[in-house]
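The values are calculated or read from the model by the stated rules, or taken from the named source; none is laboratory data. Just so it is clear, the model here is predicted, and its values are computed rather than measured. Cβ sites come from the backbone with ideal geometry, for glycine too, and all protein chains shown count toward neighbours.
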Amino acid sequence: MQIFTSGFFWFVQGILFVVILLAVRAWARDRGLPMPPWKWALFLIWLLFAGFTIAFAGTSFGEGEPTAGLRGGLLFGLVTIIGGVGVWRILLAGGGPRGEGIAGDS
Amino acid sequence: MREPEEGDERGEVMGRDKGRIQERGERDHGDADGRCTGEVNRRDFLKLAGLASAAAGGAGLGAFGYAAGKDPNTHLGLQNEYGASLVFNRKRYRVDVPTYEKVGPGSRPDARVEQIFERRGRFMREYMQLRSSQGGMGPITPQHFPEPLQRYYLAHPQDLELDRVNVDELQPLLRADSMEYGDAYILAQAWSSAMGAVGPGPVSGPPEQNDFPRGRGGLPVEPLALKDPVRTAELLKAVAMQFGSTLVGITRLNPDWVYGYPIRGRGFPSTEEPLEIPDWWTYAIVVGTPMSWDPMYANPTYGSSEDAYSRSRIAAARLEAFIKALGYPARIHVPGTSYDLMVPPIAIDAGLGEQGRHGVVITPELGSNFRPAVVTTNIPVATDKPIDIGVDDFCLHCKVCAEACPSGAIPMGGKEEVRGYRRWKIDTAKCQNFWTSNLGNMGCRICVSVCPYTRKANWLHKAAMKVTANDPTGLSERVLTGMHKSFYPGPDPEDYYMPSLGGTSASYRPPPWWLRTEDFIDRGGEG
């Protein structure tokens, strides 16, 4: 398990993070969605919170605190899902027909 | 690198771009007639890769969390002897005055009656004598006791009753329950006993004899000239870490924290003569270590203070020897009861932490899981400032320890004035009566285990601590306290009691595998 607390792990996580961002940019372009900086910020906040939720649950189970893992996971997971729906709708706002828009990248 | 079709204004689809987009679509998805080329285009690949990365990243974070939660290196304070990966940066939390409040003239505590072990020792001797001389005596009153017990019991009649209950009722019950149920804790007691088996011997004489270094033939030693008090502080802290201490702090000794009368076993000719504070007790160097995590989490039955007490004793004794080797006087004040002074307020003055509602010093690194010892000396050394990491405010609202305490010794209300200082006052008589009401190792420590600050030193709890330390609104304290109570429930307080007092001998969390007696020792065919 030591690899998951190593510097190498965070190096890999960084690569995955960049790929996620590139994928979102590609997805937004395909849908013709404008992606101004505030939308990117919103998405990043949601992504970090989703990551926190998963890490919280994992940490709690690792600590031998399953109650915290379940209750916290449910609470934060619910916030992640509701927030995700909200972010999704905001990201889709202002888009043209699929394939006809260009995501702004700054 | 920007692609040609990205040259338009953000969010606008210009006419010229439509053509390019169409062109691009043909390039990416097929030919102009709509026939698929069979190639995976770059964007689709990126989107698939993004989904895969999200899944892998999420799984990785879950695994990271699990590893961080399970990592023994996060068991508070045991990372390495230098504390390099542990020690909290106190710089921005330093304050000029401690977070306890001085509200009147301070006075020194009378250890003979205000130190619970000293008073109970005296009570026991007097009470046994009374019982043997008077046979079936009636109700006892303060007048049955000599000074200073009489004066104390007149002022604190409830403590007389609690002291009597401890001897008359709780101790016989504990003996009976230990006979019937005590086998479950054989390994826990063996472990605790072994942990406490090593340490410095008792102080051999009064300060003027014990504290000073002696050379060959017992001759006094000249102190070495030291260049700089700041460098000396750095030196003493560095070696204290190597001597086994997890945290070190230095302060000028406040006389109010020195007992008015000496405790037995400290080398003073009489415990009835007031303790004159020696001139050379100028500074107090506080060292400290945490209790082992797994037993601590299985308090009150499986846990013990002896492991941390022993480590702190050894570190303090080594530090005393080091200072003496430099030619300066030094004297250890070490747990369990071998002190001439009260350690928690000194640890607070030395910037190691703040007082919690449960009376224990809460440090940023170890939470409440901290057992200190002190070395008094006059070696010229720079002192540390106290810190304010928000514990005082947090404890005001939290009350987790008070709600979990089976004896009711921790106040639910506000602070009280005690000898000129406003602080939370623990009812030590109630507290110690619970020690005699539960099986396993001596003591309790439930307040240490349940404290929200006593969490593993991983990313999650370090972040929570930093949030509360830097939130002036107090909002995070309330939110995190609510989460703590919901996420980390413990047994009902009455369940901690031994069976004859209506409890189930519950522990806060299950014991580690290596303290489960039933898995290792055959007690007549059981299990």
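Answer yes if at least one residue in the stretch A:44-55 is outside any loop (DSSP other than H, G, I, E, B), at the interface with chain B (Cβ under 7 Å from one of its Cβ atoms), crowded, with 20+ Cβ neighbours inside 10 Å and not aliphatic (A, V, I, L, M), and no otherwise.
Yes, some residue in the stretch A:44-55 is outside any loop (DSSP other than H, G, I, E, B), at the interface with chain B (Cβ under 7 Å from one of its Cβ atoms), crowded, with 20+ Cβ neighbours inside 10 Å and not aliphatic (A, V, I, L, M).
For the list (1) over 22 Å from B:Arg455 (Cβ atoms); (2) facing chain B (nearest Cβ under 9 Å); (3) in a helix (DSSP H, G or I), I need the number of the one condition that A:Gly58 fails.
Here A:Gly58 meets the rest and fails (1).
Which residue pairs have Cβ atoms closer than 8 Å, lie 6 or more positions apart in sequence or on different chains, and pair a first residue in the stretch B:368-382 that is touching a residue at least 24 places away in the same chain (Cβ under 8 Å) and under 12 Å from B:Val230 (Cα atoms) with a second residue that is of a type outside the set (A, V, I, L, M, F, W, C) and in a loop (DSSP other than H, G, I, E, B)?
B:Ile379/B:Pro223; B:Ile379/B:Tyr328
Output the residues belonging to the stretch A:23-35 that are in a helix (DSSP H, G or I) and either at the interface with another protein chain (Cβ under 7 Å from one of its Cβ atoms) or of a type in the set (D, E, K, R) (or both).
Once the filter is applied, which keeps residues that are in a helix (DSSP H, G or I) and either at the interface with another protein chain (Cβ under 7 Å from one of its Cβ atoms) or of a type in the set (D, E, K, R) (or both), the stretch A:23-35 yields A:Ala23, A:Val24, A:Arg25, A:Ala26, A:Trp27, A:Arg29, A:Asp30, A:Arg31.
Restricting attention to the stretch B:126-143, does a residue exist that is more than 14 Å from chain A (Cβ to nearest Cβ), in a helix (DSSP H, G or I), buried (at least 19 other Cβ atoms within 10 Å of the Cβ) and at pLDDT 95 or above?
no
Can B:Thr468 be described as under 22 Å from the mean Cα position of the chain (by Cα), among the polar types (S, T, N, Q) and either more than 14 Å from chain A (Cβ to nearest Cβ) or surrounded by fewer than 19 Cβ atoms within 10 Å (Cβ to Cβ) (or both)?
Yes, satisfied.
With respect to the numbered conditions (1) at pLDDT 95 or above; (2) in a loop (DSSP other than H, G, I, E, B); (3) crowded, with 20+ Cβ neighbours inside 10 Å, which one is the sole condition not fulfilled by B:Gly249?
(2)
Report whether or not B:Arg331 is at pLDDT 95 or above and surrounded by 22 or more Cβ atoms within 10 Å (Cβ to Cβ).
The answer is yes for B:Arg331.
Taking the criterion of being more than 7 Å from chain B (Cβ to nearest Cβ) and either hydroxyl-bearing (Ser, Thr, Tyr) or outside any helix (DSSP H, G or I) (or both), would at least one residue in the stretch A:5-22 satisfy it?
Scanning the stretch A:5-22 turns up at least one residue that is more than 7 Å from chain B (Cβ to nearest Cβ) and either hydroxyl-bearing (Ser, Thr, Tyr) or outside any helix (DSSP H, G or I) (or both).
Residue by residue through the stretch B:168-207, note down the ones that are part of a helix (DSSP H, G or I) and in contact with a Phe, Trp or Tyr (Cβ under 6 Å, 6 or more places away or on another chain).
Residue satisfying the conditions is B:Ala188 alone.
Go through the stretch B:209-222 and count every residue that is closer than 13 Å to B:Arg266 by Cα and loosely packed, with under 13 Cβ neighbours inside 10 Å.
1
Take B:Gln242 and decide whether it is under 27 Å from the mean Cα position of the chain (by Cα), surrounded by fewer than 17 Cβ atoms within 10 Å (Cβ to Cβ) and not aliphatic (A, V, I, L, M).
yes
Return only the number of the condition from (1) farther than 28 Å from B:Arg42 by Cα; (2) within 8 Å of chain B (Cβ to nearest Cβ) that A:Leu70 does not satisfy.
Of (1) farther than 28 Å from B:Arg42 by Cα; (2) within 8 Å of chain B (Cβ to nearest Cβ), only one is false for A:Leu70: (2).
Residues in the stretch B:335-362 that are part of a strand (DSSP E or B) and at pLDDT 95 or above: how many?
Going through the stretch B:335-362 one residue at a time, the tally reaches 5.
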